[in-house]
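Heads up: the structure comes next, in structure tokens.
The values are calculated or read from the model by the stated rules, or taken from the named source; none is laboratory data. Here the structure is a predicted model, which means the values were calculated and not measured. Cβ sites come from the backbone with ideal geometry, for glycine too, and all protein chains shown count toward neighbours.
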Amino acid sequence: MARTLDEMREAATEQALIRRARSGDRAAFDRLVREHFTRVYAFLHRMIGSHEDAEDLAQECFVRAWGALPHYREEAAFSTWLCRIALHLAQDHHRASSRREGSGEAAGDRDPHISGIARSSPEPSPAEALSRAELSRAVALALSRLPPRLRAALVLRGIEGREYAEVAEITGVKPATARTHVMQARRILQRALAPWLGSRREGGAS
Amino acid sequence: MKTCRELRSRILPAVDGSLSIEAMFEFEEHLRACADCRERYEEARALDAALARLPEPPVERVDVARAVARVRAAIDRESAPAPRRATRWVPLAIAATAAAAILVAVFRPRSLPAPAAPSADRGEPTMATESPALPPATPEPVDIPLDPARLAQAREEVRCLLALAAERLPAPGDPALPAELASRFDEGSRDLERSRWPVLRLVEGALGDPDPAVARAALRYLGMRGDRLSIRMLEGALARPQSLVDAALALCDAGEAGLDSLAPAVRDPRASSLVLARVSARGGPGAARFLEACVRETARVEGSRRGSARLLEEIDALARTGTSAVASLLRLGSDGTLTPAEVIDALARTQGAGESVADFFLSRPRGVDDGLVLQALAALQPSRALPLLEKRCLELRERRGQVLECIEAYGGKDGLATLLRLSASGRIAPADLEIPILSTLSRDRGAGSAVVEDWSRAGRRVELHVFQGFLFDHPVSASAPACIALSGSDLVPSSDRRWAVLLAGETGIAEDADALAELFWRLKPAEKELRAACLIAIRALAGVDRIERVVDSLPSRTAGRVLALLAERDARTRPASTASRLARELESALAPIVP
């Protein structure tokens, strides 16, 4: 897609900052952190659901990015590259959490936002009983239960609205696979949220 | 004919907007016929809406400046030499450590012991230290008994380190951050920190140093730290005339953390230009808010004498903060601090303002005048803002009415083309688009024909078909020029072209006869049905006199027959059945000129 003059100028500035950072210029790297921190944080928050963990992991993401800068080839956009590192961190975090869960600590207990729904028994007519906020909580819970790679694909495409090519680059798969992941994720969510989405069909999947 | 199963695979692309218009048409046609697929599609859309309504991550809780500092500190920690691992070969390790200690003692004469003397009961003066935010290795706050001689020695060491670091100060006027100064000082003062010396207090002591380079380095170092205690020290230095400018620069170095303390510097003529330039170069929402407050304050002080060079400089600085300035400028215009013209002028100089104003319009924050946002949006590169609004219109259902109003406010060819594309997408109820399209057509009668000509050149058959359907369903005066343009397009079937001409004759105004006459002469002689329709329409709009001028250059026998046919019957009052007979007669009158 053709880029506007402003976008090209912005990219040129960013490339200059990356080159300076690669040669050890910390001020340039600080600027890159400042530019990209919020977006990386937002992605991690959507993946993990906790402010503190997302903030810590976002910082760790930039620390790793500093170490890996010499390997950054500028083939992907810098933001995409950062997102890929963030995704690895989120997956590690998920594995660690799963281990903790295995040792008795329930995921719902760590996130009171989600645990309220997890503990509540389904109402006979949830569509009437649940307000919009409760539906959001149900969606958040269902999202948190998706396998990380499906969750990542859905967050990147369905919530952040990225192109499939970029989703593929971040998750390290082909665009067609990224599309399949998004479809699988949607199918699982639709099944999980069928009572709230007004599905009359068993399972509610498409 | 595609099967239900094949079309079902289009549900996801249809929901996430990656389906072509043609495929969407086909898919929606199928949906009308297939209740099962329709239900699946509605479920997918319900999930999409639920995802869109998920709360946004709380980015407002993120302190980016602090995050930058923490990343920096973590990198520092990682790049520091790793502590030696305990080895099983203990005797050798002990020997090596002892040898290292001897070497350090011999070759590092300036090495200082910890501030706490071995005997804390000597009644020596104490210095309360505060734990700064950085670096993380900083000790907890403690009251440390001090040995005056050691304190003097520590002060001297800090002074020397500052004098050395001052070599790395950016040249006067260079807006770069003194990052190297800070890292060099941090490197040099690591031992003092480890020995629990209150390095920050020692740096504060150097603020009044007789050597201006040392004092300047101390100020800029505090700015780079940017923690609360450093900012407080800089506020003190800002109040002293001799250090005002450097303290102001240091507060600029501190980024967001220093902004709240900068107000006195902006009011001082020695520092104001420097500060405005630095703050705007750093950008970000905090900088924009700070500059917005400056503009408001200056405008308030100047009152009716508004318009000084200083106010203009502040507005300019605000505009240079980039997209963060958009909200500030619109607020300043909404509360009357700036005129709409001043706001739009500043926005025009703001990089990326077009999309931001559109976002701003969609978010509808309180305290901002909608009319001003629309004015700004129409002024700022509509060609970039319109596609954005189109995309948003398809994505967001809740605010669709507002977005459509905004596109309608653009009007003209671009606005109309956008509305028609939305109609062609099939994703918006036709009733929602009816008024915006009709209102755009009647405000600019030329917009419809311009859109038809563009799309005919670009071969956009589907969109033309949608527009044609709309025009035929809405026979109003404003649609006549577009109907005439449609009848001249090769992409429209000939029967529809003829109907478009007759419709223009029914609904148009006298001026439309010129366009019809032009079309009449552009048509090939063989297109006699269409030419006949043109004549009927011209007769209806502008009378027989106008026909005489049109047929003037036809062979005299043909022209005479045409005129006779049109003159003897009043086309305006004839029922439709006789109008079509007249058309047939005209066609036969025109037939002899076909080669």
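Within segment A:43-62, how many residues are without any contact (Cβ under 8 Å) to a residue 12 or more places away in the chain and within 10 Å of the chain's Cα centre (by Cα)?
Taking segment A:43-62 as the starting set, the residues that turn out to be without any contact (Cβ under 8 Å) to a residue 12 or more places away in the chain are A:45, A:51-52, A:56, A:59.
Within this subset, residues satisfying the condition of being within 10 Å of the chain's Cα centre (by Cα) are A:45.
Result for segment A:43-62: 1.
Can you tell me which residues in segment B:187-203 are buried (at least 21 other Cβ atoms within 10 Å of the Cβ) and assigned to a helix (DSSP H, G or I)? Don't jump to the end; show me each part of the working.
Of all residues in segment B:187-203, those buried (at least 21 other Cβ atoms within 10 Å of the Cβ) come to B:189, B:197-200, B:202-203.
Within segment B:187-203, B:Val199, B:Leu200, B:Leu202, B:Val203 qualify.
Within segment A:20-32, track down each residue that is under 20 Å from B:Glu60 (Cα atoms) and within 8 Å of another protein chain (Cβ to nearest Cβ). Explain how you work it out, then say what you get.
If we filter segment A:20-32 for residues that are under 20 Å from B:Glu60 (Cα atoms), which is where we start, we get A:30-32.
The one that is under 20 Å from B:Glu60 (Cα atoms) and within 8 Å of another protein chain (Cβ to nearest Cβ): A:Asp30.
Cβ-Cβ under 6 Å, sequence separation 6+ or interchain: first residue in segment B:58-78 and under 15 Å from A:Val40 (Cβ atoms) and facing chain A (nearest Cβ under 7 Å), partner surrounded by 20 or more Cβ atoms within 10 Å (Cβ to Cβ) and among the hydroxyl-bearing types (Ser, Thr, Tyr). Which pairs?
B:Val62/A:Tyr41
Does A:Ala96 fit the bill of being more than 16 Å from the chain's Cα centre (by Cα), in a loop (DSSP other than H, G, I, E, B) and at pLDDT below 95? Don't jump to the end; show me each part of the working.
Details: more than 16 Å from the chain's Cα centre (by Cα): yes; in a loop (DSSP other than H, G, I, E, B): no; at pLDDT below 95: yes.
No, not satisfied.
So for segment A:135-146 (the condition being surrounded by 16 or more Cβ atoms within 10 Å (Cβ to Cβ), more than 8 Å from chain B (Cβ to nearest Cβ), under 30 Å from A:Leu82 (Cβ atoms) and modelled with pLDDT under 85), does at least one residue qualify?
yes
In segment B:466-480, what residues are buried (at least 16 other Cβ atoms within 10 Å of the Cβ) and more than 13 Å from B:Asp512 (Cβ to Cβ)? Let's see the steps before the verdict.
Initially, segment B:466-480 is screened for residues buried (at least 16 other Cβ atoms within 10 Å of the Cβ), giving B:466-468, B:470-471, B:478-480.
The answer is B:Val466, B:Phe467, B:Gln468, B:Phe470, B:Leu471.
Only one of (1) modelled with pLDDT under 90; (2) out of contact with any Lys or Arg (no Cβ under 6 Å at 6 or more places or on another chain) fails for B:Ser280. Which number is that?
Status for B:Ser280: all satisfied but (2).
Considering only segment B:311-333, state which residues are closer than 10 Å to B:Ala277 by Cα and small (Gly, Ala, Ser).
The one that is closer than 10 Å to B:Ala277 by Cα and small (Gly, Ala, Ser): B:Ala317.
Pull out all pairs, ordered by first then second residue, where Cβ-Cβ is under 9 Å, the residues are six or more apart or on different chains, the first lies in segment B:280-294 and is under 9 Å from B:Leu259 (Cβ atoms) and more than 12 Å from every other protein chain (Cβ to nearest Cβ), and the second is of a type in the set (Asp, Glu) and not in a helix (DSSP H, G or I).
B:Phe290/B:Asp260
Just give me the residues in segment B:299-310 being polar (S, T, N, Q) and under 21 Å from B:Ser273 (Cα atoms), in sequence order.
Taking segment B:299-310 as the starting set, the residues that turn out to be polar (S, T, N, Q) are B:304, B:308.
The answer is B:Ser308, and nothing else.
Could you tell me whether B:Pro210 is free of Cβ contacts under 8 Å to residues at least 12 places away in the same chain and either in a loop (DSSP other than H, G, I, E, B) or more than 16 Å from B:Val158 (Cβ to Cβ) (or both)?
On the way: free of Cβ contacts under 8 Å to residues at least 12 places away in the same chain: yes; either in a loop (DSSP other than H, G, I, E, B) or more than 16 Å from B:Val158 (Cβ to Cβ) (or both): yes.
In short, yes.
Scan segment B:13-56 for residues that are under 21 Å from A:Ala153 (Cα atoms) and free of Cβ contacts under 8 Å to residues at least 40 places away in the same chain and report the count. Break it down stepwise before answering.
Initial filter on segment B:13-56 (under 21 Å from A:Ala153 (Cα atoms)): B:13-19, B:41, B:43-56.
Then drop every residue that is not free of Cβ contacts under 8 Å to residues at least 40 places away in the same chain, which leaves B:13-16, B:18-19, B:41, B:43-48, B:50-51, B:53-56.
Counting residues in segment B:13-56 that are under 21 Å from A:Ala153 (Cα atoms) and free of Cβ contacts under 8 Å to residues at least 40 places away in the same chain gives 19.
Hey, any hits in segment A:33-52 for a residue that's more than 13 Å from chain B (Cβ to nearest Cβ) and either of a type in the set (D, E, K, R) or within 26 Å of B:Ala287 (Cβ to Cβ) (or both)?
Taking segment A:33-52 as the starting set, the residues that turn out to be more than 13 Å from chain B (Cβ to nearest Cβ) are none.
Among the residues of segment A:33-52, not one is more than 13 Å from chain B (Cβ to nearest Cβ) and either of a type in the set (D, E, K, R) or within 26 Å of B:Ala287 (Cβ to Cβ) (or both), which makes the answer no.
Mind listing just one residue for me: the one in segment A:1-37 that is among the β-branched types (Val, Ile, Thr) and within 22 Å of B:Thr350 (Cα to Cα) and, of those, modelled with the highest pLDDT? Can you show your working first?
First, pick out the residues of segment A:1-37 that are among the β-branched types (Val, Ile, Thr): A:4, A:13, A:18, A:33.
Going one step further and asking which of them are within 22 Å of B:Thr350 (Cα to Cα), we end up with A:4, A:13.
Details: A:Thr4: 59, A:Thr13: 77.
Among them, the one singled out is A:Thr13.
In segment B:1-55, how many are among the β-branched types (Val, Ile, Thr) and within 7 Å of chain A (Cβ to nearest Cβ)? First the steps, then the outcome.
First, the residues of segment B:1-55 that are among the β-branched types (Val, Ile, Thr): B:3, B:11, B:15, B:21.
Pick out the ones that are also within 7 Å of chain A (Cβ to nearest Cβ) and you get B:11.
The total comes to 1.
Given the criteria within 21 Å of B:Phe25 (Cβ to Cβ), in contact (Cβ under 8 Å) with a residue 60 or more places away in the chain and of a type outside the set (S, T, N, Q), does B:Val462 qualify? Steps first, please.
On the way: within 21 Å of B:Phe25 (Cβ to Cβ): yes; in contact (Cβ under 8 Å) with a residue 60 or more places away in the chain: yes; of a type outside the set (S, T, N, Q): yes.
Yes: the conditions hold for B:Val462.
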